[in-house]
Amino acid sequence: MLITGITSTGFEYEVDKEVLTDFEFLELLADVQAGGQNGMKVFAMIRKALGEEQKARLCDHCRAESGRVPLDSVTNEITEIFSALGENPETKN
C-alpha cells in the first residue's frame, strides 16, 4: 500500500507503508536518531524510504539557482514527510 502526500512546498511523494515496518529501515532510523557519526546514515534512510527516483526528484525540487542542493531544504522536506507519515492513521499499527 502506498501512502501519498504533498509537502508545503509542493513536493509530491509516495512511501510504501511496508517500509515503515522494515527492519533495515528502522535500524537506519534508530542510527540517525542516535546522532553522532550514525547521522550520516540519513542518506541511506532517505534512499530506503523514497527510492532512487523520488530521491532524485526531491533533490531537483530543492535545487537552488546555483545548481546546488541545500542540505537544509532537503532536511525540511524529509522532516515534513516523516512527520506526516507519523500522523497518518494508515501508518498506525
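The values are calculated or read from the model by the stated rules, or taken from the named source; none is laboratory data. As the structure is a computational prediction, the values presented were derived from the model and not from experiment. Neighbour counts are summed over all protein chains in view; Cβ atoms, including those assigned to glycine, are modelled from backbone coordinates with ideal geometry. Side chains are part of the model used for accessible areas, which takes the heavy atoms of the whole protein and leaves out ligands, DNA and RNA. Shrake-Rupley method; radii C 1.70, N 1.55, O 1.52, S 1.80 Å.
Details
- Applying the set (1) in contact (Cβ under 8 Å) with a residue 60 or more places away in the chain; (2) outside any helix (DSSP H, G or I); (3) open to solvent by less than 70 Å² (accessible area, probe 1.4 Å); (4) not basic (Lys, Arg) to Glu77 leaves exactly one unmet item: (2).
- Condition check for Val15: touching a strand residue (DSSP E or B) at 6+ places or on another chain (Cβ under 9 Å) and modelled with pLDDT of 90 or more: yes
- Within the stretch 39-66, considering residues that are open to solvent by 30 Å² or more (accessible area, probe 1.4 Å) and of a type in the set (A, V, I, L, M, F, W, C), the one modelled with the lowest pLDDT: Met40
- Residue check for Val69: surrounded by 11 or more Cβ atoms within 10 Å (Cβ to Cβ) and in a loop (DSSP other than H, G, I, E, B): yes
- Selection count, the stretch 1-54, where residues are part of a strand (DSSP E or B) and either in contact (Cβ under 8 Å) with a residue 12 or more places away in the chain or over 19 Å from Thr75 (Cβ atoms) (or both): 8
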